[in-house]
Amino acid sequence: MNMLNVKKRAGRIFRFAFLICLVGLLQGCRCFCTSKPQSSYDFSIVDKKVQSWVGKCYYPGAGLVVTKDNQVIHQVCFGDYTPETEVYIASAGKWLAAATIAAIVEEGKLSWDDPVSKWLPEFTDVKGSATLIQLLSHTSGYPDYHKPPHERDTYQTLGKSVQEILPLEAAFQPGERFQYGGLAMQVAGRMAELAGGMDWESLFQSKIARPLNMKNTHFTPVNLEPGHAPMLGGGARTTLEDYANFISMISNDGMFQGRRILSEKSIAYMEADHVGSARVERGEFVERVRGKTHRGIYGLGEWREELNEQGQAVLISSPSWAGAYPWIDKTNNVYGFFLTHIDVSAANGFSGFYASPILATMVRQSLEAKSSDCKISVQKGFVNVDDADLYYEMAGEGTPIILIHGHSLDRRMWDDQFYELAKTYRVIRYDLRGYGLSDVPRPGQHFMHVEDLKCLMDALKIEKAHLVGLSLGGFIVVDSLALYPERMLSGTAASGTLFNVPGPDRPMTEAEKEKRYKEIAELRKKGIDTFKAEWIGGLLRSAGRHADAIYPSLSTMINDWTAWQPLNIEPRLLLGASVLEKLKARPITIPMLVIVGENESKGGFDAAEQFMTLVPQAKKIVLKGAGHMCNMEVPEEFNRYLLTFLAKVDNVELKRKSDYE
C-alpha cells in the first residue's frame, strides 16, 4: 500500500512537472537556464526583443549569455533551445578560425605575412601574392563567394575547395579594398593545414576546442551534414556555453581558467586594424548598425564596431547571416553570445546579420539604467507596428502622458521628465521607428510617425493621452492634432510646431531623389562621425551656458544613433506643409502648449508664431536661458510649466471643458 502511494505521488509530481513545462512552451517558449547565476540587472528589454523575433518565427529558438567582470549575469533560452543545443553559426565561426590560425603562427610554423604562393605555388597569378593577413581581413582580392556557373562551395575538403578557387579571377588587387566574404578564408585554412600538418578540424580541436573545453564545437564536413563544408567562414557549429568559453578566452587576453591558450600579443594583433589603406565601400556593416564610418572596421576574423579615441577597438564582434552574434564590450568589461539560426522560409526580409547587434546596445543600456528605475517600477516592452518593433517604457498611474523625442535622439532625452511625471501620471516614452531600440525602417517601406503613435496607443489600450513632443516630437504632436484630435487630451509642442516641407501627399520626384543620392554620397564621403560631431555642436551652440550640462547625455544618444535617416531616402513621415490646410479645415478644441527656448532659431520662432495664428487659444511659453533642447537644458522650469498646464487641462477636462472650446 505504501509503495502504491509512492507511485501515485510520483505520478502526480511527474504530471505537474510536465504541465509546468507545457505552460512554459505556451507562454512564448522561454526557459531560463538556471545553471548560471542571475543578476540584479534588468534585462527584460533584451529578453523581450529576442522573444519578439522567436514569436515572429524568424528563429525557432535562441540562447543568450551575458558576462560582466567574468561573472555570468544573464543566461536564458528561448523556443526549443537549451544550453546544449548545437547550432550552425555561419560567419560567427570566422573568429574561431582566426584564433586557430593565430595558434599556428605562434608556433612559428606560419607567418601572418606569408603569401599564398609560399604554401600553394599553383597560385601563380595575383591571388598568389595575397598574404595571410589579407586573406583573414577580407582585403585579399579574392571573390567573396562562388557565383554561377561555378558550384557552391560545399566541397569535402579544403584541398578540393582551393582547387576550385584556383581558376577564379581576382576581384581586385590585394590590399586595394575591403570585400567581406568566405573564399579567401578557405585558402587561409589550407595554408594552415599544410603548415600544421593536420586537417582543419584536427587543428581546430587541438589548438582551440579541447583547451577551451568546447566539446560540442566542430567545423563540419559535408558527409556529416549536407550543405555544410569545412568552411572557415561559415561551417562551424557550437553550443551556447562552448562559444562563451571561447569569448572568455579572447576577453581575457588569451587566458582561460588560469591557462594560456593564445598570447596577449596574438589577441591584440587579431583586434588591430588590418583594413589599413584599403578602400571601404560605404554602407558596410559597421555603418549600418552603429552609424560609424571609421575605416578600420575589421581585424582578423572579427569586426571592429566601435573604437576609442586612440583608434583601439572597444566593441568587437563576429556576426552571422544566421543571426548568431558574439561580442565583447570592453567599455563595460562585458562579453556576450546570442546563439540562433534563422528560418529563411519565415524571415520575410528580416536580416539577423543587421538585427542582432542591437542586443549589445540593449545590454549596455540595461547596465547603465538610471538608479531611478529602482525607485519607480518601469514597465518595458515592444509594440509591433507594421512588422516593426517600437520600444517603450511606462511608469506611474493615472492619466496617460506620452513623451515623443526629437530627431537623432531617443526616449532617454526625457529622463528629467519621465520620473518626475510618473509621480502623478501614467507616463509612456518610446523610441520612434528608426531611433533608439526600435527597429529601423526597411528600404521602400512607407509609414508615418503619427500612425505609429496611434498604433502604440491602441496596443497599450490608451484611448486618449496628453502628448508632449520636442522638435520632431513636436511635429508629430501637431500631426496628431490635425489627424487624430479625438485621441488627445492635450498637446505640448516644444521647439517644433510647423514643418514647412512636402508631405506624403506630394511624392518625391526623380530629380529630388537624385539630389538626395548626391547628398547621401557627400555625407558618406565626409563621414558619419564628422556629421554627428557637427550636429552635436549645432545643438550645443543654441544651449548657451547649459551646454556642458547636456553634452554627456546628448552625445551618448547621438553616438548611439544609427543615422538611418540621413543615410537613406527617408519616406515622408510627417504631414509637413499639408498640416496647415488640415488645421484650418476643422475647429481646434484641444488645449495646446507651445514651448520655445529663447535661444531658438528665428525659423523656430516664426513657425511657433504661425501656429499660434492657427490655434489662437494655445498658450506659449518662452524659456529663458534655453535653446532647442529646452527640456534637457532647464528641466525644472520645463517641468514646472508643463505640470501647471497639465493640471489646468485636467481640471478643465473634468469641470469646465468649455473654457478651451
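The values are calculated or read from the model by the stated rules, or taken from the named source; none is laboratory data. Remember, predicted model here, so these are calculated numbers, not experimental data. Virtual Cβ from ideal backbone geometry, glycine too; neighbours counted across all protein chains shown. Side chains are part of the model used for accessible areas, which takes the heavy atoms of the whole protein and leaves out ligands, DNA and RNA. Shrake-Rupley method; radii C 1.70, N 1.55, O 1.52, S 1.80 Å.
When the helices in the chain are scored as -39500 (n - 2.57) per DSSP H run of 4 or longer and the sum is shared across all residues, what 222 nm value do you end up with, to the nearest 500 deg cm²/dmol?
Working: 26 runs with 257 residues, N = 661.
Result for the chain, helices only: -11500 deg cm²/dmol.
First compute the accessible area of the chain with a 1.4 Å probe, then give the percent of it belonging to carbon and sulfur atoms.
Numbers: 14750 of 28000 Å².
Here it works out to 53 percent.
Using 7 Å Cα-to-Cβ label points, what is the Thr424/Asp113 separation (nm, one decimal)?
In this crude label model, Thr424 to Asp113 measures out at 7.2 nm.
Would you mind calculating the relative contact order of region 569-644 from Cα pairs under 8 angstrom and at least 6 residues apart, reporting the percent as a whole number? If you can, show how the numbers build up before the last one.
Values: 67 pairs, mean separation 23.0, N = 76.
The normalised contact order for region 569-644 reaches 30 percent.
With an 8 Å Cα cut-off and a minimum separation of 6 or more residues, compute the relative contact order for region 261-410 in percent.
Working: 185 pairs, mean separation 19.3, N = 150.
Computed value for region 261-410: 13 percent relative contact order.
For the peptides 485-494, 427-436, 458-467, what is the packing order when you average, over each peptide's residues, the other Cβ atoms within 10 Å and list the highest mean first? Working shown, then result.
Values: 485-494: 22.5, 427-436: 24.8, 458-467: 17.6.
Listed from highest to lowest mean packing, they are 427-436, 485-494, 458-467.
Go ahead and run the numbers for FRET between Ala647 and Asn348, Cβ-Cβ distance against an R0 of 45 Å, rounding to 0.05. Intermediate results must be reported in sequence, preceding the final value.
Numbers: r = 47 Å, r/R0 = 1.05.
The calculated FRET efficiency here is 0.45.
With a sphere of radius 13 Å drawn around the Cβ of Thr217, what net charge do the other residues whose Cβ falls strictly inside it have (Lys, Arg +1; Asp, Glu -1)? Before the final figure, lay out the partial values.
Numbers: positive: Lys207, Arg210, Lys215, Arg237; negative: Glu84, Glu86, Glu201, Glu241, Asp242.
Residues near Thr217 contribute -1 overall.
Determine the sum of side-chain charges near Ser202: Lys and Arg each +1, Asp and Glu each -1, restricted to other residues whose C-beta is under 12 angstrom from that of Ser202.
So the environment of Ser202 carries a net charge of -1.
Against the longest principal axis of the chain, how steep is helix 547-560, in degrees 0 to 90 to the nearest 10, with axes from Cα atoms?
Result, in degrees: 50.
Of Glu397, Glu271, which has the most accessible area and how do the rest follow, probe 1.4 Å? Walk me through the numbers before you get to the answer.
Numbers: Glu397 155, Glu271 20 Å².
Largest to smallest exposure gives the sequence Glu397, Glu271.
In nm, to one decimal, how far is the modelled label at Val126 from the one at Asp548, with both set 7 Å along Cα→Cβ?
5.6 nm
Which whole-number percent is the relative contact order of the chain (Cα, under 8 Å, 6+ apart)? Let's see the in-between values first.
Details: 1265 pairs, mean separation 72.5, N = 661.
Relative CO of the chain lands at 11 percent.
Just subtract the alpha-carbon distance of Asn500 and Arg541 from 0.36 nm times their residue separation and send over the number in nm, one decimal. Working shown, then result.
Details: separation 41, 0.36 × 41 = 14.76 nm, distance 2.34 nm.
Net length gain for the segment: 12.4 nm.
Suppose the chain between Glu510 and Lys624 were pulled fully straight at 0.36 nm per residue; how much longer would it get relative to their current alpha carbon spacing? Could you put the intermediate results ahead of the total?
Details: separation 114, 0.36 × 114 = 41.04 nm, distance 4.41 nm.
So the chain would gain 36.6 nm between Glu510 and Lys624.
At 7 Å along the Cα-to-beta-carbon direction for both Glu609 and Lys461, put a label point, then send me their distance in nm to one decimal.
4.8 nm
Compute the long axis of helix 240-251 from its Cα atoms, compare it with the longest principal axis of the Cα atoms of the chain, and write down the angle in degrees, 0 to 90, nearest 10.
That works out to roughly 90 degrees.
What angle, in degrees between 0 and 90 and rounded to the nearest 10, separates the Cα long axis of helix 2-26 from the longest principal axis of the Cα atoms of the chain?
70 degrees
If each residue of separation counts as 0.36 nm, what is the full-extension length gain between Ser263 and Ser40 once their alpha-carbon separation is subtracted?
On the way: separation 223, 0.36 × 223 = 80.28 nm, distance 3.42 nm.
That works out to 76.9 nm of additional length.
Say a paramagnetic label sat at a point 7 Å from the Cα of Leu168, along Cα to Cβ; which residues of region 179-208 have their backbone N under 14 Å from it?
Residues passing the 14 Å test: 179-190.
Among the listed pairs Lys94/Lys207; Lys330/Lys526; Lys118/Lys215, which have their C-alpha atoms separated by more than 23 angstrom in this model? Working shown, then result.
Values: Lys94/Lys207 15 Å; Lys330/Lys526 28 Å; Lys118/Lys215 34 Å.
Check vs 23 Å cut-off fails for Lys330/Lys526; Lys118/Lys215.
Let's test the formula: R0 of 35 Å, r as the Cβ-Cβ distance of Arg640 and Thr331. What FRET efficiency results, to the nearest 0.05? Please report the intermediate quantities before stating the final value.
Working: r = 36 Å, r/R0 = 1.03.
Once the sixth-power term is evaluated, E becomes 0.45.
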